[in-house]
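Below is one structure, written out as structure tokens; the observations come after it.
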Amino acid sequence: MEYKQVAVSVIIKDDKVLAVKRAKTQSLPGKWHLPGGKLESKETFAHALHRELMEELELKSQINDQIAQVKCSFPHGEYDLHFFRVMLYEGNIKLDPEDNEEYRWFSLFDMDTVEWLPLDKQVAILGLLEGMKHGV
């Protein structure tokens with residue numbers, strides 16, 4: 001079984017995590033998720049995440065430590081998800097409407113107000129708790 005390698009960001013700011021809502025044209029439309037995407041040929045996770053954040057959100061970023069890795073199966077494929085904390089970024093968020101239709105900063109207290117992709121909500125909570133522990 002070959003897993004698609006995916007780099008995912010956990011972007012923390014003011015005790016909130018950034019999430020985006022999938023466009024209606026995407027698989028699993030309308031679900032909220034942490035920004036990221038599949039690795040291209042010979043790409044590192046950090047490079048993939050830099051590229052994806054620039055393409056999807058027009059953000060330049062500094063990738064910090066990996067906080068989780070999960071292999072999972074969905075009806076549309078097998079994925080090896082690598083979640084990275086992103087503490088610093090530059091730019092104003094500008095969405096690519098082909099990928100995402102909305103973005104929002106979520107606190108621990110309002111994460112249950114939307115429908116998330118599997119795993120993303122749990123990792124977002126982990127990232128927020130780790131950030132609070134380290135005072136970021």
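Annotations
- No other residue among Ala19, Ala23 is crowded, with 20+ Cβ neighbours inside 10 Å, within 27 Å of Phe109 (Cα to Cα) and of a type in the set (Gly, Ala, Ser) apart from Ala19.
- All positions within the range 81-121 that are surrounded by 15 or more Cβ atoms within 10 Å (Cβ to Cβ), among the acidic types (Asp, Glu) and part of a strand (DSSP E or B): Glu101
- Among the conditions (1) assigned to a strand (DSSP E or B); (2) over 13 Å from the mean Cα position of the chain (by Cα); (3) under 16 Å from Lys121 (Cα atoms); (4) not aromatic (Phe, Trp, Tyr), Glu78 misses just one, which is (3).
- The range 82-96: number of residues that are at pLDDT below 90 and either more than 15 Å from the chain's Cα centre (by Cα) or farther than 26 Å from Asp65 by Cβ (or both): 3
- Residue check, Leu129 aliphatic (A, V, I, L, M) and in a helix (DSSP H, G or I): yes
- Single match in Lys42, Lys13, Lys24 (criterion: out of contact with any Asp or Glu (no Cβ under 6 Å at 6 or more places or on another chain), without any contact (Cβ under 8 Å) to a residue 24 or more places away in the chain and not β-branched (Val, Ile, Thr)): Lys42
- Qualifying positions in the range 3-51 - more than 13 Å from the chain's Cα centre (by Cα), among the aliphatic types (A, V, I, L, M) and over 19 Å from Ile67 (Cα atoms): Ala23, Leu28
- Which listed residue is in contact (Cβ under 8 Å) with a residue 60 or more places away in the chain, surrounded by 14 or more Cβ atoms within 10 Å (Cβ to Cβ) and small (Gly, Ala, Ser), from Gly36, Gly77, Gly127: Gly127
The values are calculated or read from the model by the stated rules, or taken from the named source; none is laboratory data. None of the values given here were measured: they were computed from a predicted structure. Neighbour counts run over all protein chains shown; Cβ positions are idealised from the backbone, glycine included.
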